[in-house]
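The next block holds one structure in the form of structure tokens; read it before the comments.
The values are calculated or read from the model by the stated rules, or taken from the named source; none is laboratory data. As the structure is a prediction and not an experimental result, all values here were calculated from the model. Every residue, glycine as well, gets a Cβ built from its backbone with ideal geometry; the counts of neighbours run over all protein chains shown. Just so you know, the surface numbers come from the protein's heavy atoms only, side chains and all, with ligands and any DNA or RNA stripped out. Shrake-Rupley method; radii C 1.70, N 1.55, O 1.52, S 1.80 Å.
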Amino acid sequence: MTSTTSAPPTRQQPKRRPGDRVFAGTAKGAGILILVILAGVAVFLISESVPALTASPDELPGDAGLASYIGPLVFGTLLSAVIALLVATPLAVAIALFITFFAPRRLAAGLGYVVDLLAAIPSIVYGFWGIAWLAPRLVPFYRWLEENLGFIPFFAGPVSSTGRTMLTIGLVLAVMILPIISAISREVFSQVPTLHTEAALALGATRWEMIKMAVIPYGKSGIIGGAMLGLGRALGETMAVAIILSGSAAGITWALISSANPQTIAANIALQFPESTGLAVNTLIASGLALFVITLLVNMLARWVVNRRADFSGAN
């Protein structure tokens, strides 16, 4: 008796509809186009920065060399963005938690719209608000900081009489990036599995303990991603910083309440570019290249942190 074995059935590939193929091709083309545009921007910045990179120090603005010119600008850019991130992130997460878990439904919807509307306000309006309303009202607080905490380098005097300081810029930028971080955090918190929250409450946890044990661990990667997105916005902000710090010095100082604060890269380009010619333009573009590299590194770091947390969560 002979036994016959039949070959395993061949797995047929599902037929793709024309609409699916068009959508896939369009999405792929959009992704490639973004990379091409990014590469084009990088090539332009590098090619236009070459004259400034190869010029002698006495030919550049300030006669101090390219590194001495860009260094304080990089410091001011990072300092203002970090202050904004430290202020905005906990406040945005708290707002997102309140809207998602504590506020009544009707109040939560209205409050969410109000917070999201902050992102629609033009940056120049934030600049006028900062210089005309916020800065003068912060001067008494800055004087109190100098009198009571002046031994800390961040609050060393002399206090600015106008309030146009790096700390003021950090607070304005914090308000500007708050809706970005809050919206992303709110979306992540709303995606927390209901079984996780109900299980925590069933075990006797209070609402805050449920948030601490189930919600925040689940949404950490989203919070980090939103914070990095807000940091990118703060790094590239131009008009608000240019209006408030238009008369700032070019040196490096850690004093956040004095007037001797360095300008940021984006604001310096906006202020200096209209009157620059020749090698001065190449120098400004070289500073733009530094900002491009910083922003790229920040986004790469954010992607690495998010992916690392996702892999760690999947392993557990």
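Brief remarks follow.
- Y69 falls short of the stated requirement of being open to solvent by 70 Å² or more (accessible area, probe 1.4 Å), of a type in the set (S, T, Y), more than 20 Å from the chain's Cα centre (by Cα) and farther than 15 Å from G230 by Cα.
- Residue match in segment 49-64 (condition: farther than 16 Å from L279 by Cβ, surrounded by 12 or more Cβ atoms within 10 Å (Cβ to Cβ) and in contact (Cβ under 8 Å) with a residue 60 or more places away in the chain): no
- Any helices (runs of 4 or more DSSP H) falling wholly within segment 161-268 and containing at least 1 residues that are in contact (Cβ under 8 Å) with a residue 24 or more places away in the chain: 166-190, 207-210, 216-236, 239-244
- Residues located in segment 72-81, provided they are of a type in the set (V, I, T) and surrounded by fewer than 21 Cβ atoms within 10 Å (Cβ to Cβ): V74
- Within segment 260-270, being buried (at least 20 other Cβ atoms within 10 Å of the Cβ) and of a type outside the set (V, I, T) holds for N261, P262, Q263, A266, A267, N268.
- Where V115 falls short, out of the listed (1) β-branched (V, I, T); (2) in contact with a Pro (Cβ under 8 Å, 6 or more places away or on another chain); (3) within 30 Å of I285 (Cα to Cα): (3)
- Among the conditions (1) farther than 22 Å from A108 by Cα; (2) open to solvent by 20 Å² or more (accessible area, probe 1.4 Å); (3) hydroxyl-bearing (S, T, Y), the only one that S160 does not satisfy is (2).
- Test for F141: is it out of contact with any Lys or Arg (no Cβ under 8 Å at 6 or more places or on another chain), more than 23 Å from G226 (Cα to Cα) and part of a loop (DSSP other than H, G, I, E, B): no
- Put simply, of A242, A214 the only residue that is touching a Ser or Thr at 6+ places or on another chain (Cβ under 6 Å) and either open to solvent by less than 50 Å² (accessible area, probe 1.4 Å) or β-branched (V, I, T) (or both) is A214.
- Some residue of segment 124-136 being open to solvent by 70 Å² or more (accessible area, probe 1.4 Å), under 21 Å from I243 (Cβ atoms) and either touching a Gly at 6+ places or on another chain (Cβ under 8 Å) or part of a loop (DSSP other than H, G, I, E, B) (or both): no
- Any hit, segment 84-100, residues being under 30 Å from A242 (Cβ atoms), at pLDDT 90 or above, aromatic (F, W, Y) and open to solvent by 30 Å² or more (accessible area, probe 1.4 Å): no
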